[in-house]
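A.B. asks: The structure's right below; bear with me while I get my questions together.
The values are calculated or read from the model by the stated rules, or taken from the named source; none is laboratory data. Bear in mind the structure is a predicted one, so any value in this text is a computation, not a measurement. Virtual Cβ from ideal backbone geometry, glycine too; neighbours counted across all protein chains shown. Ligands, DNA and RNA are excluded from the accessible area calculation, which covers all protein heavy atoms including side chains. Shrake-Rupley method; radii C 1.70, N 1.55, O 1.52, S 1.80 Å.
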Amino acid sequence: MAWKRKVTGGILAFVGYMLSPLSWWNDLFVNIPLALAFAWAISLFYREAFTPSLILGYWLTNVLGFILLHKGAQRVLTERSNPYSRRDLLRDTAISLFYTAVIVALVRWGILKPVMTYFH
């Protein structure tokens, strides 16, 4: 059933693209809101963990996006799948680190902050 493999691969690739930092607009509408929601949830229990949890949430969305994009494209383009290599993971992590620097700058400039500080 080649069509099922291609459809599921296409869905995986689309979700991966939406989570990956390959286009700037999806960060604004997908990754940052997901990371911010994650950070807000963590900071409700431990406020000082807001920035680290925002960074961790952002990393997780980016790396997961790259992995899903890679696996989805692989399902669409090939009949058998190759394992996600260490080199792939290192490349995806390096790209995510760059975008993380941008997130850290937004926190430092006070643009992103814990949810409770918006209501004071």
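A.B. asks: Where residues in the stretch 23-50 are open to solvent by less than 50 Å² (accessible area, probe 1.4 Å) and hydroxyl-bearing (Ser, Thr, Tyr), which of them is nearest to the chain's Cα centre (by Cα)?
C.D. replies: Going through the qualifying residues, I end up with Ser23.
A.B. asks: Something else: Contact list please: Cβ distance under 9 Å, first residue in the stretch 11-34 and closer than 21 Å to Asp88 by Cα and among the basic types (Lys, Arg), second residue at pLDDT below 85 and open to solvent by 30 Å² or more (accessible area, probe 1.4 Å), pairs at least six apart or on different chains.
C.D. replies: From the stretch 11-34, no pairs qualify.
A.B. asks: Follow-up question, since we're still on this one. Can you pull out every residue in the stretch 56-88 that is under 15 Å from Gly10 (Cα atoms) and under 18 Å from the mean Cα position of the chain (by Cα)?
C.D. replies: Gly65, Phe66, Ile67, Leu68, Leu69, His70, Lys71, Gly72, Ala73, listed by residue number.
A.B. asks: Same structure, new question: Any idea which residue in the stretch 61-120 is nearest to Tyr17 (Cα to Cα), counting only those that are part of a loop (DSSP other than H, G, I, E, B) and open to solvent by less than 40 Å² (accessible area, probe 1.4 Å)? Full working, then the answer.
C.D. replies: Filtering the stretch 61-120 for residues part of a loop (DSSP other than H, G, I, E, B) gives 78-85, 109-114, 120.
With the extra rule that they be open to solvent by less than 40 Å² (accessible area, probe 1.4 Å), the set shrinks to 110, 112, 114.
On the way: Gly110: 28, Leu112: 24, Pro114: 27 Å.
Applying the filter and picking the extreme gives Leu112.
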